[in-house]
Structures are given as structure tokens and as C-alpha cells.
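So the structure is just underneath, and the comments pick up after that.
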Amino acid sequence: MKRVTSDVLLLIFFTFNFFRNVSASIHEYKDEQFIPKSNAFFFHGGTEGLYASKSSSNVSPDKPLEGKTFIRFEDVVFLRTRESANAKNEMQSRTGLIETIILEVRDRERIGDAFAKSNALCCTPKLAQEKFCTVGEVIIQHNQDNPLWPLRIQTFFEGKNQEANMLPTTVEINSTGMYYLYYMFCDPELKGTIIRGRTVWKNPDGYLPGRMVPLMTFYGLASLAYLVLGLFWFLRFVQFWKDVIQLHYQITAVIALGMSEMALWYYEYANLNSTGSRPMVITIWAVTMTAVKKTLSRVLLLVVSMGYGVVRPTLGGVTSKVFLLALMYFIATEALELVEHLGSINDFSRKTRIYLVLPVVFLDASFILWIFSSLSKTLEKLQMRKSMAKLDLYRKFTNSLAIFVLLSIAWVGYEVM
């Protein structure tokens, strides 16, 4: 038991240190590598949902970026290998090109030779002869309504310099949508180039990413809903305090955890939106509250399904099994929630999420099977004892639970599709 506790504390400490530098819509590049893709080299700089800038008539002259949506490039540096730099002529002003491309999701097919189906991302001499592009540059099919979009920003290496600094640039966004940022180059001699720096993505009303904006309102309303539920439950708890059993205390704990969780998430999102950085202690607490609430909720359903306090006074020999399942579920959920809430900024890979989702799905399935198996046995016992009132109550409980499980499965299927 001591070993398990120490492992959990070590996991939390490692996770806290791993995520301590995560900020709002700020994408950090720390010696990131470009990967080959078709006939180009590619690095995904970020993806965010952005709302259109507010009308310029409402903007204060003292704060020209207030109410504006923008992507700002800060201290972005490209470093090529020493071999690549030494192979160039020191007298040449341009000895390598890195292109920064900003586009909306619907314009993805405009990058590369998608229409000709050659799968080329970079312009070749053959395509250049068709007056289609410039050799050595990424092919962009510009939007007819906006000939400057998708946006291309070029950064050149000079002479034998190993570093190329991207000019500090702020790109204003005037259309609501999901935006992608790509860094690309076509010169094979630049293979091994890395990128450092960061980009800041800001919406009109704050730094909160577009996909998170509705959640701040949701968490605020949910906090009030939990407060009303908590007051109602407290009054009923006091009114019938003589009939209170252990399960009522567990239900109280779930409501209190839910109220604390929603309040913490609202504060975390509000701070994230106004300052552009996460209060990491609050984030860790909110994630932990979520994991504890989910775990306790499932344990509560399980012990009720077993008939605890109704057909059996104690859980007996299954207590250790329930505790072990709950502990595993808490650890798996804590890890998944950290990645879900913190990885949405720094673009964790899908493989990482899949590896963390699978244990949670497996443990959820274990809870569901155990709950319905226990409900079946409890219903049999109640029928044998002819406790018709309790039997009717448990049947309604079983039917309601089955409906919610089916709805949850349908929702998961919808999200996957």
C-alpha cells in the first residue's frame, strides 16, 4: 500500500513538472524537428479555433490590438545544420528559404498540387513551366476572393549563417474559423533544420482558445446549478437527518466535489482568458477534483447496485476489489484529464491520447459490467424477500441507468464519427 501511494505521488509530481510551462493559446517550439512530407519538409505550428476581430470602430486608439484576433510570432528562429550552412556561398544574400503558412481548415487543399493530383507540396521545374508556381517554394492555390490567402511569410537564411530569425509579425484574423499554422521548406539541403520560439493566438475577448470559449460559460452556469443542488440537498439532509445512512454522506461528497470542480474550472478558464497563462496549481486541483468525482460517482453506483444498506449491511470481502478498481480508475482518469485539458494547447499526439483513453474505456466497461451484474443479484434477493417497494425502486434505477449508458455509448460514437 505504501508503495502504491508513493508511486501515485511520484506520478503527480512528474506530471506537474512536465506541464508547468503550459500557457493559453501559446505554442512553444523547443528545438522541434521538421518531418519529410511528399517533396517538402513540414512542421505543424499549431491549430486553434479563432473568432473574427471586432469592428475597428470599437477599438481604443491607445490599445490598437484590443478586440482584435491575431496570431503573433515571437522570437521564432530557424537553425540549420553546420554542414548545410558551410555548403553555401558567404557572398549570397539568400541561401535557404523557410515558409510560414497560415490557412483556414477549408483551404487545406489549396496547399500543394492537390488539383493536379501529383501530391507535390513544392514547386518543381515541370510545374513552373506551366506558370503554376516558383521553383523551390511551396505551392499555394490562392483564394479568388482573397488573393493573399492562404497567407505565406518567407524567412531566408543569409550566406553561411546557421540561424534565420523570423521578423516579429502579427497577423490579424478577420474571419471566424479553425486555423492551421505550418512551417515548410523545399530545399533538401536544409534537412535537419530545427525551430525555436513561440506563437501567441488571441481571440477578440481574450487568450482562451476558440474551442474553450463556450466551456467557460458552461462551467459558470454549472457552478450555479451545483450550488442550488447543494443547498436543496443540505436542507433535505437536515430535515431527515435521523434517517441518514452512509450512502447519503457519499452523495453529499459527490455534490460537494462537483461544485468545487465546476468553480475551479471556471476560475481556471477565466484566468487563462485574461492573462494568457494557466494557474497551474488550480489546473492540477481541478483535474484532480474531476478524477476524484468521476471515481467516487462510479463507486457509489457500484455499492448501491450491490444493495449496500438495503440487502447487505457491509460489502464484505469485495471491499478490497472495489478499492483497487477505484484506485486504478483514478490514476487512469487523472492522466487522461491532464492530457485532455493541458494537451489541447501544445498539440499532444493522437497516439498519446489513445494510449491514455484505452485504460479508461476498459475500466469504465469493468464498472458497467460489475454494476449490472450486481443489480441483477440485488433484484433477485429483493424478489425473494418480497420487498416490493424496494424492488420497484431498484427496477426504475436499473432502467434509468441502462438508458444513460446507451446515451453515453451513442455520444461516444457520435464524437468518434
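Distant-in-sequence amide contacts of Thr95, defined by a placed amide H-H separation under 5 Å and a gap of 5 or more residues or a different chain, comprise Phe157, Glu158, Gly159. Shown here: the chain, whose C-alpha atoms stretch 94, 46, 43 Å along the first, second and third principal axes, sorted largest to smallest. Taking only the alpha carbons of region 210-416, we obtain Rg and Dmax values of 19.2, 62 Å in that order.
For the chain, the longest principal axis of the alpha carbon atoms and the long axis of helix 350-385 meet at an angle near 10°.
Tally Lys and Arg at +1 and Asp and Glu at -1 over the other residues with C-beta under 13 Å from the C-beta of Asn203: what net charge comes out? Its environment carries a net charge of +1.
Using the Cβ-Cβ distance between Trp233 and Val318 with R0 set to 22 Å, the FRET efficiency works out to roughly 0.20. FRET efficiency for the Lys37 to Val105 pair, using the beta carbon distance and R₀ = 22 Å, is estimated at 0.80. Rounded to whole numbers, the Karplus 3J(HN,Hα) couplings from phi for region 73-78 are 9, 10, 6, 7, 10, 10 Hz, using 6.51 cos²θ - 1.76 cosθ + 1.60 with θ = phi - 60°, and x at Gly and Pro. Applied to region 295-304, the Karplus parametrisation 6.51 cos²θ - 1.76 cosθ + 1.60 on θ = phi - 60° returns per-residue 3J(HN,Hα) values of 5, 5, 4, 5, 5, 4, 4, 5, 5, 5 Hz, with x for Gly and Pro.
Hey, what number do you get for the chain at 222 nm if only DSSP H runs of n ≥ 4 count, each worth -39500 (n - 2.57), divided across all residues, to the nearest 500? It would help to have the intermediate numbers written out before the result.
Details: 9 runs with 204 residues, N = 417.
It comes out at -17000 deg cm²/dmol, rounded to the nearest 500.
Once the other residues with Cβ under 13 Å from the Cβ of Trp285 are scored (Lys, Arg +1; Asp, Glu -1), what is the net sum? All intermediate terms of the calculation are to be shown ahead of the outcome.
On the way: positive: Arg278, Lys293; negative: Glu261, Glu268, Glu334, Glu337.
Net of charged neighbours comes to -2.
Taken one residue at a time, the phi angles of region 280-294 give Karplus couplings (6.51, -1.76, 1.60, θ = phi - 60°) of 4, 5, 5, 4, 4, 5, 5, 4, 5, 4, 4, 5, 5, 5, 4 Hz. Gly and Pro are set to x. For Gly46, the residues whose modelled amide H falls within less than 5 Å of its own, excluding neighbours fewer than 5 places apart on the same chain, are Leu181.
For Glu32, the residues whose modelled amide H falls within less than 5 Å of its own, excluding neighbours fewer than 5 places apart on the same chain, are Ile195. Stretching the chain fully between Arg353 and Ala87 yields a gain of 91.6 nm (0.36 nm per residue, less the alpha carbon separation). Between Thr124, Gln383, Leu324, the Cα set farthest toward the positive side of the dipole of the chain (charges on each charged residue's Cβ, about the Cα centre) is that of Gln383. Nearest 10 degrees is fine. How inclined is helix 213-239 to the longest principal axis of the chain, computing both from alpha carbons? Result, in degrees: 10. Rounded to 0.05, the FRET efficiency of the Gln162 and Leu215 pair, given R0 = 45 Å and the Cβ-Cβ distance, is 0.55.
By how many degrees, 0 to 90 and rounded to 10, does the Cα axis of helix 388-416 deviate from the longest principal axis of the chain? Helix 388-416 sits roughly 10 degrees off the main axis of the chain. At full extension, Val412 and His44 could sit 129.7 nm farther apart than now, given 0.36 nm per residue minus the alpha carbon distance.
For Glu380 and Val77 in the same chain, what is the full-extension length gain: residue separation times 0.36 nm, less their Cα-Cα distance, in nm?
Working: separation 303, 0.36 × 303 = 109.08 nm, distance 6.96 nm.
Between Glu380 and Val77, full extension yields 102.1 nm more.
Expressed per residue, the C-alpha convex hull volume of region 69-209 stands at 123 Å³.
Here, region 219-324 is characterised by an Rg to Rh ratio of 1.08, where Rg is the alpha-carbon radius of gyration and Rh the Kirkwood radius.
Read-outs: derived from the displayed coordinates by stated rules, not from any lab. Computed from a predicted structure; not experimentally measured. Glycine gets a Cβ as well: all are built from the backbone with ideal geometry, and neighbour counts include every protein chain shown.
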